[in-house]
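The values are calculated or read from the model by the stated rules, or taken from the named source; none is laboratory data. As the structure is a computational prediction, the values presented were derived from the model and not from experiment. When we count neighbours, we look across all protein chains shown, and the Cβ atoms used for this are built from the backbone with ideal geometry, even at glycine. With ligands, DNA and RNA removed, areas are computed over all heavy atoms of the protein, side chains included. Shrake-Rupley method; radii C 1.70, N 1.55, O 1.52, S 1.80 Å.
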Amino acid sequence: MFLKKSNIRTFSLLFTVGLGSTLAGSVFSPNVGTIQKANANTIAQNNNSKTVIRIGYQKAATILYALKAKGELEKTLKASGASVTWTEFPAGPPMLEALNAGSIDFGYTGEAPPIFAQAAGVPLVYVAYDPYGPKAEAILVHKDSPIKNVADLKGKKVAFAKGANVNYLVVKALQKAGLKYTDIKPTFLAPADGRAAFEGKNVDAWAVWDPYLAAAQKATGARTLTDATGLAPNRGYYLAAKSFAEKNPAGLKTVLAGVSKVSDWAKGNPKDVAKLLSPVLGIDAAVLEVAEKRRKYGVLPLTNDVIAKQQEIADTFYKINLIPKEIKVKEIVWQGKK
């Protein structure tokens, strides 16, 4: 128990010093309410002989939210006497803290949170990836900005969420332009605050992801300095508690099959996905449809190339002091999805 509490404190500290974020969520401190709710689900499971699979989700994470809304996984699990509980989280970091605490079994985040979690010793495994895509994140400048290319960012204030996927995009874009990370003035802001700073022209550029990217482009007429094409993969990852993957591989495969089925549906129905998400996100359905159409879909096993790219991101975060030690991504890749 002491080790688990120690890991939670270490993980919280990492996200205080260098915060990771999800593809579709900003940086948040631990959410005690959601973790307590997840712990309540754990107690319920312990009092019930039937298998209960506990899934953490975010409203802005298209596929898992749609899986919950459609209710198809419940029907599948019921046939085998199992059930599912859902706990909502505002972002990836508190979700992975709950996973570390043994309160959830499965979740989805962007590239950064599992890197921070592994560095903190959280017992998780990568079980599949979502290609998502480089068009779904970008560096924006004001429509009347004199900045014409990435090289012009030298000495400028660039807003982004520290440790997020876009943090890596900024680093790679600067490298391609012959600049160093220290050549800009990073301004670490979550999407809502980044939008306010950008619209108020308190920063010169803003790196952000969909659906916030699509919303900002529509509302402000911002110019895209560069998206992540050729720079960063901008992938999402399905993650599981190591103990769950080891003890219930059949249940994990059932969940992944359900996720894959909904992913296939979402790929062919961006308008319906946008309508589903609009009321819960408070973003116009037309804007969400733009975001959905420029992302990629899939629930795919991690290949050597995908692992190598995730390792490159981890190494980059280590080099710029966002994580305190080097990690080996391949050490926590689940071998059951073959």
Inspect the stretch 315-330 for any residue being assigned to a loop (DSSP other than H, G, I, E, B), surrounded by 15 or more Cβ atoms within 10 Å (Cβ to Cβ), of a type in the set (A, V, I, L, M) and in contact with a strand residue (DSSP E or B) (Cβ under 6 Å, 6 or more places away or on another chain) and give the result as yes or no.
no
Where in the stretch 132-199 are there strands (runs of 3 or more DSSP E), lying wholly inside it, with at least 1 residues that are under 18 Å from D227 (Cβ atoms) and open to solvent by less than 60 Å² (accessible area, probe 1.4 Å)?
137-141, 157-160
Residue pairs meeting the criteria (Cβ under 6 Å; at least 6 apart or on separate chains; first in contact (Cβ under 8 Å) with a residue 24 or more places away in the chain and within 15 Å of P94 (Cβ to Cβ), in the stretch 104-124; second part of a loop (DSSP other than H, G, I, E, B) and among the small types (G, A, S)):
Y108/A61; A112/G20; A112/G163; A112/A164; P113/G20; F116/G20
Please identify the pairs in which a residue from the stretch 153-174 that is in contact (Cβ under 8 Å) with a residue 40 or more places away in the chain and over 15 Å from T109 (Cβ atoms) has its Cβ atom under 6 Å from the Cβ atom of a residue that is in a helix (DSSP H, G or I) and open to solvent by 10 Å² or more (accessible area, probe 1.4 Å), counting only partners at least 6 apart or on another chain.
A159/A197; V171/Y181; V171/T316; A173/V150
For P30, only one of the following conditions fails: (1) assigned to a loop (DSSP other than H, G, I, E, B); (2) farther than 23 Å from L288 by Cα; (3) at pLDDT 50 or above. What is its number?
(3)
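Which of the helices (runs of 4 or more DSSP H) contained wholly in the stretch 208-301 include at least 2 residues that are touching a residue at least 24 places away in the same chain (Cβ under 8 Å) and not aliphatic (A, V, I, L, M)? Walk me through it before giving the result.
Working: elements: 212-220, 242-247, 249-268, 270-281, 285-293.
Because the criterion is at least 2 residues that are touching a residue at least 24 places away in the same chain (Cβ under 8 Å) and not aliphatic (A, V, I, L, M), the helices (runs of 4 or more DSSP H) in the stretch 208-301 that meet it are 212-220, 242-247, 249-268.
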